[in-house]
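J.: Supplied in structure tokens, the structure appears directly below.
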Amino acid sequence: MTEYIGSMKRVIAAEAEAVRQLENICDGRYEDALNTLLSCRGKVVFMGVGKSGHIGEKLAATFSSTGTPAFFVHSTEACHGDLGMIGRDDVAVLISNSGSTKEVLQDLEGLDRIGCETIAFTSDPESPLAKGCKHVIVYPKLPEADALNLAPTVSSTLTLVLGDAFACALSEAKGFTREDFHKYHPNGALGAMLQAENGEEK
């Protein structure tokens, strides 16, 4: 299998280059969405399907553990009653690389009736999702890293990195501390380390 090590390196290089390009465009264009998330009086709700849905689940967990309460709603289930989890004070983040995923687009009407803020995560600023949300986060539209240019690899990595960046920026803006992190993460290796820092006994 050593002949495929080169393929692995090309994938890693493609994703690393994509992140570098993302860093270069991370400027004032994201400030509007950052302010919307910072002023959220409810929870941040990530929505998506497929690989975007998996990334949304991870981001909801990261936001929650770093001081911004969040949860994930599957876009398909949303129109079968799960929209009831979302309130007017929440901010819904809808993830779709193409911006035309029908399962995600179908949620826009319901979210509009609820009256919550909406943010699109997409690579296409002219997509129906971008035009249907109140705020838009656009990341570079680049080829995927697999040989077929089909599997979500570069696009999912960009969404993950961008979401992590927002989570950490919000955490810093809120003055989130290591003690706060320990409150939400008391177990595992991180919990044990923070417990020792605080001089607490098990």
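J.: Quick one: give the max-minus-min coordinate of the C-alpha atoms of the range 2-176 along each principal axis, largest first, in Å.
T.: Extents along the principal axes, in whole Å: 53, 37, 27.
J.: Another question about this same structure. Counting Lys +1, Arg +1, Asp -1, Glu -1, what net charge surrounds residue 3 among other residues with beta carbon under 15 Å of its beta carbon?
T.: Working: positive: 9, 10; negative: none.
Spelling it out: positives minus negatives among the neighbours equals +2.
J.: Given the pairs 43/174; 58/141; 51/141, which span a C-alpha to C-alpha distance of over 18 angstrom in this model?
T.: Numbers: 43/174 15 Å; 58/141 22 Å; 51/141 16 Å.
Flagged as over cut-off: 58/141.
J.: Now, a different point. What number, rounded to the nearest 500 deg cm²/dmol, is the helix-based mean residue ellipticity at 222 nm of the chain, given -39500 (n - 2.57) per DSSP H run of at least four residues and division by all its residues? Walk me through the intermediate numbers first.
T.: Numbers: 10 runs with 103 residues, N = 202.
That calculation yields -15000 deg cm²/dmol at 222 nm.
J.: Going through the range 33-128, which GluC sites (Glu not before Pro) have at most 10 other Cβ atoms within 10 Å and a DSSP loop state?
T.: Working: sites: 57, 77, 103, 109, 117, 126; in loops: 126.
When the GluC sites (Glu not before Pro) of the range 33-128 are filtered for loop state and at most 10 Cβ neighbours within 10 Å, 126 remain.
J.: So what's the net charge close to residue 21: Lys and Arg +1, Asp and Glu -1, counting the other residues with Cβ under 15 Å from its Cβ? Intermediate values should be presented prior to the final figure.
T.: Working: positive: 20, 29, 141; negative: 15, 17, 23, 27, 144.
Net charge around residue 21: -2.
J.: Taking K and R as +1 and D and E as -1, what net charge do the other residues with C-beta under 11 Å from the C-beta of residue 85 add up to?
T.: On the way: positive: 43; negative: 77, 82, 90.
Result for the neighbourhood of residue 85: -2.
J.: Looking only at the range 143-186, which residues have a backbone nitrogen under 11 Å from a spot 7 Å from the Cα of residue 7 in the C-beta direction?
T.: Under 11 Å, as judged by backbone N against the label point of residue 7, lie 146-148 of the range 143-186.
J.: While we're here: List every DSSP H helix in the chain whose Cα atoms extend 20 Å or more along the helix's own long axis and whose mean Kyte-Doolittle hydropathy is at least -1.0. Walk me through the numbers on the way to the answer.
T.: Working: long enough: 5-25 (31 Å, 0.15); 50-65 (23 Å, -0.26); 154-173 (28 Å, 1.25).
Once both thresholds are applied, what remains is 5-25, 50-65, 154-173.
J.: Using only the alpha carbons of the range 130-185, what is the convex hull's orientation-averaged projected area in square nanometres?
T.: Working: hull surface 24.3 nm².
Here the figure is 6.1 nm², rounded to one decimal.
Only the coordinates and a few stated rules stand behind these numbers; no lab work does. Being a predicted model, the structure only gives us computed values, none of them experimental. Counting neighbours? That spans all protein chains shown, and the Cβs are built from the backbone with ideal geometry, glycine included.
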